[in-house]
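Take a look at the structure below.
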Amino acid sequence: MTSTIASSARRVELITGMVSVIIPLYNNEQYVKDAVNSVLQQSYQHFEVIIVDDGSTDGSLEQLSDIVDLVTIIKQENQGSAVARNMGLAAAKGEFIAFLDADDLWTPYKLALQVEFLNAHPDYQMVCGVDERISMEFRFTQIEAKHPCAPELLEKLSGKQFENLLFSCPYHINNLMLRKTALSNISFCPDLRRGQDLDFWFQLCSKYEVAYLNVLLSYYRENLSSISYKWQSVNVKLHILKTAIERVDSTNDVSKANIHKAFAHACSEYAYSARLHKKPFIAIKSYLHAIWYAPFNIAYTKGITACCLEAFKLKAYPRINKHVQ
């Protein structure tokens, strides 16, 4: 079934017990069929699959030709995965929402475990679990179908997690299931082409506690050609952290010291990325920014020293080689 949704504000009557699976798709012809099959062969079968094609220019949709009657395909011009997921949310009819990237996979019992948990724990609005990194060659047929014993909550990753999220995000969007009613005033930021998942987690964790099941639920491919590994001209993570702090309410008291520590850490991470991309002057500026937030962290000073040496090599070596030759 193929359709076009014109408005994200469309009201949909929810179907009890149904899971709406939202898959944003952009040029993933090699993996999308495997991803969809990992949904279609779930042990829990009360679901709908909504694939939002974000203007693919390869043969991604052709790969789905033999299962087109089992999914809903929504087409849009290329606007990024955030807009695609929001489009899927607008069309979703399920009581529960789950997301899957078009090059990743679910374990066969993923939906069953999460629906069972949310039905048994009405106070929780969302539940997630363990993910495992896989190679680009890994295939759906290699997944072990054995259903695990009743999983336990991992306490250190459950409960209120907003402040911990400032320093590290151990959660993957592929593992998330939540009640659609929990998404009032929460959506993916359309202005973010990267980091939209982290921003979404901040929105959720500012309002709800996390339930983290200590069981493998999904596999994700480490695609080195994805946007996550490309150089970014601005510190997106720092922007997301600042936005999250601005949105925070009184129920998420975060100390000023931890806020500054988190901002400094984000600046340091960006500086390290700049060094990897041979941009020492940008790295120096970011380390100085980190020192402004955390002036007594000697690691940032050492980073500046290393960048100065790297900058000298980049500037001086070409001149030296020219004179030597």
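Just a few scattered comments:
- Any chance Asp103 is charged (D, E, K, R), open to solvent by 20 Å² or more (accessible area, probe 1.4 Å) and not in a helix (DSSP H, G or I): yes
- Count of segment 52-82 residues, restricted to those that are assigned to a strand (DSSP E or B) and closer than 19 Å to Arg193 by Cβ, is 4.
Okay, residues lined up against (1) of a type in the set (Gly, Ala, Ser); (2) open to solvent by 40 Å² or more (accessible area, probe 1.4 Å); (3) in contact with a Pro (Cβ under 8 Å, 6 or more places away or on another chain):
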site: Ala92; (1), (2), (3): yes, no, no
site: Ile97; (1), (2), (3): no, no, no
site: Tyr109; (1), (2), (3): no, no, yes
site: Val115; (1), (2), (3): no, no, no
site: Met126; (1), (2), (3): no, no, no
site: Glu155; (1), (2), (3): no, yes, no
site: Gly159; (1), (2), (3): yes, no, no
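- Residues that are open to solvent by 30 Å² or more (accessible area, probe 1.4 Å) and more than 16 Å from Leu89 (Cα to Cα), drawn from segment 184-194: Asp191, Arg193, Arg194
- Residues in segment 247-291 that are assigned to a helix (DSSP H, G or I) and in contact (Cβ under 8 Å) with a residue 60 or more places away in the chain were compared, and the one that is most open to solvent (accessible area, probe 1.4 Å) is Lys261.
The values are calculated or read from the model by the stated rules, or taken from the named source; none is laboratory data. Owing to the predicted nature of the structure, the values given are computational and were not obtained by experimental measurement. Here the Cβ is made from the backbone with ideal geometry for all residues, glycine too, and neighbour counts use every protein chain on show. Ligands, DNA and RNA are excluded from the accessible area calculation, which covers all protein heavy atoms including side chains. Shrake-Rupley method; radii C 1.70, N 1.55, O 1.52, S 1.80 Å.
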